[in-house]
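Colleague: Quick one: the structure is below, questions incoming.
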Amino acid sequence: MTPRTSGDPGIGERIRARRLLRGWSVRYAASRAGLSHATWSRIERGRQAADNRFTLADIATALECAPAELTGVPVPAADREVVAAHAHVHAIRQALIDTDLSEPVTREPGPVTETARTVALVDELRQACDYAGAARLIPALLRDLHAAAGGPDRTAAIRLLCDVTFIASSVLRNLGRQADAWLGAERCRDAAEASGDPTLIGYAAYARAAAATGCGSYQRGLTLVERAVDELRPHAADPGATEVLGSLLLIGALASRGCGRPDDSGAWAGEAVELAARTGETTTMSLYFGPTNVAMWRIGIEADGGDPGRAAEIARTTNPAALPIGFRQVFYYADTARALARLRGRDREAVRLLLTAERLAPQHVHTSAMTRETTRMLLDRSNRSAGGTELRGLAERLQVTA
């Protein structure tokens, strides 16, 4: 089974095209990114996978573009559900633009109790990484809750609107639609501020920081986290506040590492570890803050931060099944695979974990630019031995060629 030729040129080729468009040499472009020219050249030629979020953000900054412009928005035509999810993005974007709380309501609200059940369903779909199912329901939910926010059930509607905009931002971010994810997070902030609830305001700050870091804007994400943590600490005894605070600490650890501040990143992560030891595993606000989720975040940060051995060690002592949701488990398998792919002699394990991630959450894996790059690198050096037909099958489903 030979991977078929794809229209996707790959991240390295997109980087080269943008560099040449500006008329820059490899040495000059690499110096702008703070990379060696050898590293830049290897990435361009596909000899080094561009599956490191921090490095990719540095390259995008050097080329004066967004990371998403280098990764593209992969939509394998063979995956009908992924295609369907992307087909609903425009409707979600329109609904987010239209559901401005500062604008008057133009339709009659429906019963909030019934809408709340649909919100719960959408969150279940998101947690199962069924992005197509969630995306199909989000636009109508946004409009229904916007209408309800102008009626007698305003308080309940506002809280639900905060949830749906948070979910919308998360789904859009995982589909690679980073600018749209920021719009969703901004609407989440609007709803949270309208509620006046410090916990919801911190929850919305988490959404905004996640959207900012997803765009490669790590300093912006860190600034949002620092402000939100300071504002939420006095309310730590409020229901849900501790779990939101812990989740903000994790974003702070990621953003600090993205800013090239590993010591600060370690401090944020260390505080999250201590807090998780006190809370134990939780399900509050579908954030699943607790020791297992903290470990999963640390695996991803180390995989991107240049210490794949440390990431693999954390993964070895972490049981992803402790979280009963695919949404976080898929990150465990995909990020651990990225780390193992950078360690000598661990390609077979990396392939096995990628296949596990795909079985668990195919829509997520088929949309992930980082997973595509890891697969491309493994395929390139496999010589049809490490991973065999299974690796080639995964590459075909992702439309990746060596």
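The values are calculated or read from the model by the stated rules, or taken from the named source; none is laboratory data. Predicted, not measured: the structure shown is a model, and the values here were computed from it. Quick reminder, even Gly has a Cβ in these numbers, built from the backbone with ideal geometry, and neighbours come from all protein chains shown. We work out accessible area using only protein heavy atoms, side chains counted, and drop any ligands, DNA or RNA first. Shrake-Rupley method; radii C 1.70, N 1.55, O 1.52, S 1.80 Å.
Colleague: Counting only heavy atoms of protein chains, what accessible area per residue, in Å², does the chain have with a probe of 1.4 Å? Write out the running numbers ahead of the final one.
Modeller: Working: 16650 Å² over 402 residues.
In whole numbers, the chain has 41 Å² accessible per residue.
Colleague: Of the options Val119, Tyr206, Gln219, report the single residue whose Cα projects farthest towards the positive end of the charge dipole of the chain (beta-carbon charges: Lys, Arg +1; Asp, Glu -1).
Modeller: Projecting each Cα onto the dipole axis, the largest value belongs to Gln219.
Colleague: Ok, one more. Cα extents of the chain along the three principal axes, largest first, in whole Å?
Modeller: 65, 43, 42
Colleague: Convert each backbone phi in the stretch 98-114 into a coupling constant with the Karplus relation 6.51 cos²θ - 1.76 cosθ + 1.60 (shift: θ = phi - 60°), then list the ³J(HN,Hα) values in order as whole Hz, x for Gly and Pro.
Modeller: Values, residue by residue: 6, 8, 8, 5, 7, 9, x, 6, 10, 9, 6, x, x, x, 5, 4, 5 Hz.
Colleague: Along Cα→Cβ, 7 Å out, is where each label goes; now give me the distance between the ones at Arg381 and Asp230 in nm to one decimal.
Modeller: Using points 7 Å along Cα→Cβ, the separation is 4.4 nm.
Colleague: Where nothing but the Cβ of Lys and Arg (+1) and of Asp and Glu (-1) is charged, how large is the charge dipole of the stretch 270-402 around its Cα centre, in debye to the nearest 20?
Modeller: Working: 18 positive and 15 negative charges, 92 e Å.
The dipole magnitude comes to about 440 debye.
Colleague: Who wins for biggest fluctuation among Thr356, Thr374, Thr39 in a Gaussian network model of the chain, springs between alpha carbons below 10 Å?
Modeller: The residue that fluctuates most here is Thr39.
Colleague: By average Cβ neighbour count within 10 Å, what is the ranking of 205-217, 279-291 from highest down?
Modeller: On the way: 205-217: 24.8, 279-291: 17.8.
Highest to lowest by the protection proxy: 205-217, 279-291.
Colleague: I need the Kirkwood Rh of the stretch 1-152: take the reciprocal of the average 1/r across all distinct C-alpha pairs and report it in angstrom.
Modeller: Working: mean 1/r = 0.0531 Å⁻¹.
For the stretch 1-152, inverting the mean 1/r across all distinct Cα pairs yields 18.8 Å.
Colleague: Convert each backbone phi in the stretch 44-57 into a coupling constant with the Karplus relation 6.51 cos²θ - 1.76 cosθ + 1.60 (shift: θ = phi - 60°), then list the ³J(HN,Hα) values in order as whole Hz, x for Gly and Pro.
Modeller: 4, 7, x, 8, 9, 5, 8, 10, 10, 4, 6, 4, 4, 5
Colleague: Okay, moving on. Give, in nm to one decimal, the length gained when the segment between Arg47 and Ala66 is fully stretched (0.36 nm per residue of separation minus the Cα-Cα distance).
Modeller: Stretched fully, the Arg47-Ala66 segment lengthens by 4.6 nm.
Colleague: Using a 1.4 Å probe over the heavy atoms of the protein chains, calculate the carbon and sulfur portion of the accessible area of the chain as a whole percent.
Modeller: With neighbouring chains kept in place, the figure for the chain is 49 percent.
Colleague: Can you tell me how much longer the chain between Cys259 and Arg344 gets when fully stretched, taken as 0.36 nm per residue apart minus their C-alpha distance, in nm with one decimal?
Modeller: Result for the pair: 27.8 nm of gain on full extension.
Colleague: Using only the alpha carbons, work out the radius of gyration and Dmax of the stretch 175-246 in angstrom.
Modeller: So, for the stretch 175-246, Rg and Dmax equal 11.9, 36 Å respectively.
Colleague: Have a look at the stretch 321-372 and give its Rg and Dmax from the Cα atoms, expressed in angstrom.
Modeller: My reading of the Cα-based Rg and Dmax gives 10.6, 32 Å.
Colleague: Assuming R0 = 51 Å, what is the FRET efficiency of Glu103 and Ala321, from their Cβ-Cβ distance, to the nearest 0.05? Mind dumping the intermediate values first?
Modeller: Details: r = 46 Å, r/R0 = 0.89.
Computed FRET efficiency for Glu103 and Ala321 comes out at 0.65.
Colleague: A follow-up question, please. If I model the stretch 218-366 as equal point scatterers sitting on the Cα atoms and use the Debye formula, what is log10 I(q)/I(0) at q = 0.16 Å⁻¹?
Modeller: -0.87
Colleague: Something else now. Assuming R0 = 51 Å, can you tell me the calculated FRET efficiency for the pair Ala38 and Arg117, based on Cβ-Cβ distance, to the nearest 0.05?
Modeller: Details: r = 56 Å, r/R0 = 1.10.
According to the calculation, E is roughly 0.35.
Colleague: Okay, moving on. Give, to the nearest whole percent, the P(r) tail of the stretch 224-300 beyond 19 angstrom, counting all Cα pairs. Please list the in-between numbers first.
Modeller: Numbers: 840 of 2926 pairs.
Value for the stretch 224-300 (Cα pairs over 19 Å): 29 percent.
Colleague: Further question on the same structure: Compare the peptides 144-151, 103-110, 10-17 by average per-residue count of other Cβ atoms within 10 angstrom and give them in order, highest first.
Modeller: Highest to lowest by the protection proxy: 144-151, 10-17, 103-110.
Colleague: How do 52-65, 168-181 rank on mean C-beta neighbours within 10 Å, highest first?
Modeller: The packing order, highest mean first, is 168-181, 52-65.
Colleague: I need the phi-derived Karplus couplings for the stretch 27-36: 6.51 cos²θ - 1.76 cosθ + 1.60, θ = phi - 60°, integer Hz, Gly and Pro marked x.
Modeller: Here the 3J(HN,Hα) series is 4, 5, 4, 5, 5, 5, 8, x, 10, 6 Hz.
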